[in-house]
Amino acid sequence: MAIGPPPDVPLTKCRRCPAQIFFVLSEKGRPIPMDAEPVQGFTLEKRKPGADGLHYPHYVAHHARVYISHFATCPEAASFRRDG
Ligand SMILES: [Zn+2]
C-alpha cells in the first residue's frame, strides 16, 4: 500500500516527467523536490569493538522509510541544474 508524502503537504507533478512530487526546504532554505513515495532504507548505528561478539568496529542497520530527492530519480534531472 502506498504511503505517500506527509498528509499536510500538497502533491504536485514534476514539470519534466510524470512523477508525483512534493517540495520541502533544505537545511539551507532551498526548495527540494521529493519523490512522493518513500522507500525502504536503513539508518546505520555504529558499534564499538566488543559489541555483538565482533572484535572490530562495525555498523548495525535499522529499517527506516526515507524520502528520496526527485533530483536523484528524475529522468530529466540534468535539466534541473541548468534552469532549475
Ligand atoms: Zn521529474
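Structure above, values below:
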read-out	value
Hey, Ile3 surrounded by 14 or more Cβ atoms within 10 Å (Cβ to Cβ), in contact with a Pro (Cβ under 6 Å, 6 or more places away or on another chain) and among the aliphatic types (A, V, I, L, M) or not	no
Among residues of the range 50-70, those that are within 30 Å of Ile32 (Cβ to Cβ) and not in a strand (DSSP E or B), counted	3
Qualifying positions in the range 31-69 - away from the ligand (no atom under 16 Å from the Cβ) and in contact (Cβ under 8 Å) with a residue 60 or more places away in the chain	Arg65
Test: residue in the range 14-30 that is basic (Lys, Arg) and within 11 Å of the ligand (Cβ to nearest atom)	yes
Per-region count, the range 17-49, residues assigned to a strand (DSSP E or B), closer than 19 Å to Pro5 by Cα and not acidic (Asp, Glu)	14
Residue identified as out of contact with any Ser or Thr (no Cβ under 8 Å at 6 or more places or on another chain) and not acidic (Asp, Glu) among Arg30, Arg16	Arg30
Unmet requirement for Ser26, which otherwise passes all of (1) free of Cβ contacts under 8 Å to residues at least 12 places away in the same chain; (2) surrounded by 14 or more Cβ atoms within 10 Å (Cβ to Cβ)	(2)
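Each reported figure results from applying straightforward, stated rules to the coordinates on display, with no laboratory input. Everything quoted here is computed from the prediction, not taken from an experiment. In this analysis, Cβ positions are derived from the backbone assuming ideal geometry, glycine residues included, and neighbour counts consider all displayed protein chains.
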